[in-house]
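To keep things clear, I will list the structure first and then write my remarks on it.
The values are calculated or read from the model by the stated rules, or taken from the named source; none is laboratory data. This is a predicted model, so every value here is computed, not measured. Methodologically, a virtual Cβ is constructed for each residue, glycine included, from the backbone with ideal geometry; neighbour enumeration extends over all protein chains shown. The protein model used for the area step is the full one, side chains on, heavy atoms only, and it has no ligands, DNA or RNA in it. Shrake-Rupley method; radii C 1.70, N 1.55, O 1.52, S 1.80 Å.
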Amino acid sequence: MPESGVAALEARHLTLSWDGEHVVVSDASLRLDPGEVVCMVGKSGCGKTTILHALSGLTMPREGRVLLHGEDVTGRPGRVSYMLQKDLLLPSKTIVDNVSLPLVVRGMPKAEAREKAAPLFERFGLAGCERLWPSQLSGGMRQRAAFLRTYLMGNDVMLLDEPFSALDALTRVDMRDWYCRMAKELRIATLAITHDVDEAVSMANRIYVLEGTPSAGDPSRIRAELRVPRGEKDLSSAEFALTEEFLACKRQVLSLLGR
Ligand SMILES: Nc1ncnc2c1ncn2[C@@H]1O[C@H](COP(=O)(O)OP(=O)(O)OP(=O)(O)O)[C@@H](O)[C@H]1O
């Protein structure tokens with residue numbers, strides 16, 4: 001159940017447009033509670049990334065507000081952690097310098113930033129990788145480094161744009177499990193965009209389904225908010241994906257998407 005207290009991140013009645021004229025997303029309200037993983041699915045071009053931009057403060061909504069732990073952060077970037085589709089690690093920096101970059105950019109001396117990042121390497125499955133170059137890591141390890149850098153960027157709210165899409169199928173399954181465990185332990189509230197319905201249902205506590213075709217003048221809105229019936233057993237995402245409950249929920253999402 002959503003917690004009754006203040007949401008980690010809340011969007012109230014967002015109406016979004018790129019040019020101030022054409023509405024891409026209309027009246028979208030959503031919330032993330034501390035420590036929960038929420039996914040957002042919808043057809044290509046329906047406005048998922050547009051919503052993440054507004055939630056991250058990179059763009060100003062035409063209408064509506066964004067609240068971070070109850071504080072109005074509408075149009076104020078740098079308050080939540082936002083990870084783009086590509087890992088974008090800088091090839092000329094070691095992993096420790098890549099992940100501590102957000103702290104250095106904010107003015108922290110390099111040595112102090114490295115010290116702050118160091119204890120998290122183990123938790124992010126990167127122990128021993130501090131001095132390696134991005135090219136020496138596998139795709140999954142690079143993605144872990146990107147998660148750690150994103151985590152150091154802000155606070156306990158992560159916005160992820162298709163975080164696992166560049167990984168091979170098996171690595172993706174492992175990474176979903178790892179991410180969900182790690183996010184639960186660190187109480188990171190996550191909103192992840194994915195095109196993969198299996199991924200959404202296997203990872204999320206809740207799923208927002210978007211509908212609409214803004215390019216055809218039909219602004220997107222949140223069609224449904226589904227609670228994923230994960231049960232009390234604390235199954236990993238891979239284990240949950242083998243249950244009847246998973247299949248029933250997947251059918252429901254696919255039907256809402258018109259498939
Ligand atoms: N920088 C931009 N300037 C103008 N229009 C944009 C910009 N970015 C996106 N759009 C338009 O806004 C609409 C929503 O795009 P958005 O990228 O948010 O969709 P999406 O659901 O994330 O798509 P996908 O799943 O393909 O990544 C599209 O019609 C797109 O062409």
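Could you work out [θ]222 nm for the chain from helices alone, using -39500 (n - 2.57) per DSSP H run of at least four and dividing by all its residues? Round to the nearest 500 deg cm²/dmol. Let's see the in-between values first.
Working: 10 runs with 87 residues, N = 259.
Result for the chain: -9500 deg cm²/dmol, rounded to the nearest 500.
For the chain, give the percent of accessible area contributed by carbon and sulfur heavy atoms, probe 1.4 Å, rounded to a whole number.
Numbers: 6340 of 12130 Å².
Carbon with sulfur: 52 percent of the solvent-accessible area.
Checking the a/c ratio against 1.5 first, then a/b against b/c, what shape does the Cα gyration tensor give for the chain?
On the way: a/c = 1.72, a/b = 1.26, b/c = 1.37.
Taking the square roots of the gyration eigenvalues as a ≥ b ≥ c, the chain is oblate.
Just grab the label-to-label distance for residue 247 and residue 123, each label 7 Å out from Cα along the Cβ direction, in nm (one decimal).
Simple spin-label model gives 3.9 nm for this pair.
Amide H neighbours of residue 9 under 5 Å, counting only residues 5+ apart in sequence or on other chains, H built in-plane at 1.01 Å?
Answer set, sorted by chain and number: 32, 69.
Which FRET efficiency value, to the nearest 0.05, do you get for residue 168 and residue 116 by plugging their Cβ-Cβ distance into 1/(1 + (r/R0)^6) with R0 = 30 Å? Please list the in-between numbers first.
Values: r = 32 Å, r/R0 = 1.06.
After rounding to 0.05, the efficiency reads 0.40.
Provide the per-residue ³J(HN,Hα) series for region 156-166, in order, calculated from phi with Karplus coefficients 6.51, -1.76, 1.60 and θ = phi - 60°, each as a whole number of Hz, with x at glycine and proline positions.
Using θ = phi - 60°, the values come out as 9, 10, 10, 10, 10, 9, 6, x, 10, 5, 8 Hz.
Looking only at the chain, where both bridge partners belong to it, what percent of the DSSP beta bridges are antiparallel (to the nearest 5)? The partial results should precede the final answer.
Working: 20 of 37 bridges.
Once the DSSP bridges in the chain are tallied, antiparallel ones form about 55 percent.
Tell me the per residue accessible area of the chain using a 1.4 Å probe; a whole number in Å² is fine. Numbers along the way, then the final one.
Details: 12130 Å² over 259 residues.
Result: 47 Å² per residue.
So what J values fall out for region 113-123 if you push phi through Karplus, 6.51 cos²θ - 1.76 cosθ + 1.60 with θ = phi - 60°, rounded to Hz, Gly and Pro as x?
Working through the residues one at a time gives 5, 4, 4, 5, 6, 3, x, 8, 4, 5, 4 Hz.
If you take the square roots of the eigenvalues of the alpha-carbon gyration tensor of region 122-203 and sort them as a ≥ b ≥ c, do you get rounded (a/c under 1.5), prolate (a/b over b/c) or oblate? Intermediate results must be reported in sequence, preceding the final value.
Working: a/c = 1.78, a/b = 1.22, b/c = 1.46.
It comes out oblate by the Cα gyration axes.
Would you mind checking the pairs 184/233; 86/184; 184/250; 93/116 and listing those with alpha carbons more than 20 angstrom apart?
86/184; 184/250
For residue 155, list long-range residues whose amide hydrogen, built 1.01 Å from N in the peptide plane, is under 5 Å from its own amide hydrogen.
Residues meeting the criterion, in which the H sits 1.01 Å from N, are 81.
Give me the percent relative contact order of region 1-87, please, defined on Cα pairs under 8 angstrom at least 6 residues apart.
Over region 1-87, the number comes to 32 percent.
For residue 17, which sequence-distant residues (separation of 5 or more, or a different chain) have an amide H within less than 5 Å of its own amide H, given hydrogens modelled in the peptide plane?
Result for residue 17 returns 24, 62.
What Rg and what Dmax come out for region 87-154 when only alpha-carbon atoms are used, in angstroms?
10.5, 30
I need to check one value: relative contact order of region 87-154, counting alpha carbon pairs closer than 8 Å and at least 6 residues apart, in percent. Don't skip to the end; give the middle numbers.
Numbers: 77 pairs, mean separation 32.9, N = 68.
Answer for region 87-154 is 48 percent.
Is region 42-101 best put as rounded, prolate or oblate by its Cα gyration tensor, with a ≥ b ≥ c the root eigenvalues, rounded for a/c under 1.5, and otherwise prolate when a/b is larger than b/c, oblate when not? Present the calculation step by step, with values, prior to reporting the outcome.
On the way: a/c = 3.33, a/b = 1.57, b/c = 2.13.
It is oblate, given that a/c is not under 1.5 and a/b is not larger than b/c.
When the Karplus curve 6.51 cos²θ - 1.76 cosθ + 1.60 is applied with θ = phi - 60°, which whole-Hz ³J(HN,Hα) does each residue of region 241-253 get, with x for Gly and Pro?
My calculation for region 241-253 gives 5, 9, 9, 4, 4, 4, 4, 5, 5, 4, 4, 5, 5 Hz in order.
Just want to confirm a number: the relative contact order over the chain, from Cα pairs under 8 angstrom separated by 6+ residues, in percent. Let's see the in-between values first.
On the way: 528 pairs, mean separation 64.7, N = 259.
Across the chain, relative contact order equals 25 percent.
For the chain, with the dipole built from +1 on Lys and Arg beta-carbon atoms and -1 on Asp and Glu ones, taken about the Cα centre, which of 28, 15, 99 lies farthest toward the positive end?
Farthest towards the positive pole: 99.
Specify the inter-centroid distance of region 104-169 and region 30-79, based on alpha-carbon positions, in whole Å.
Centre-to-centre (Cα) distance: 22 Å.
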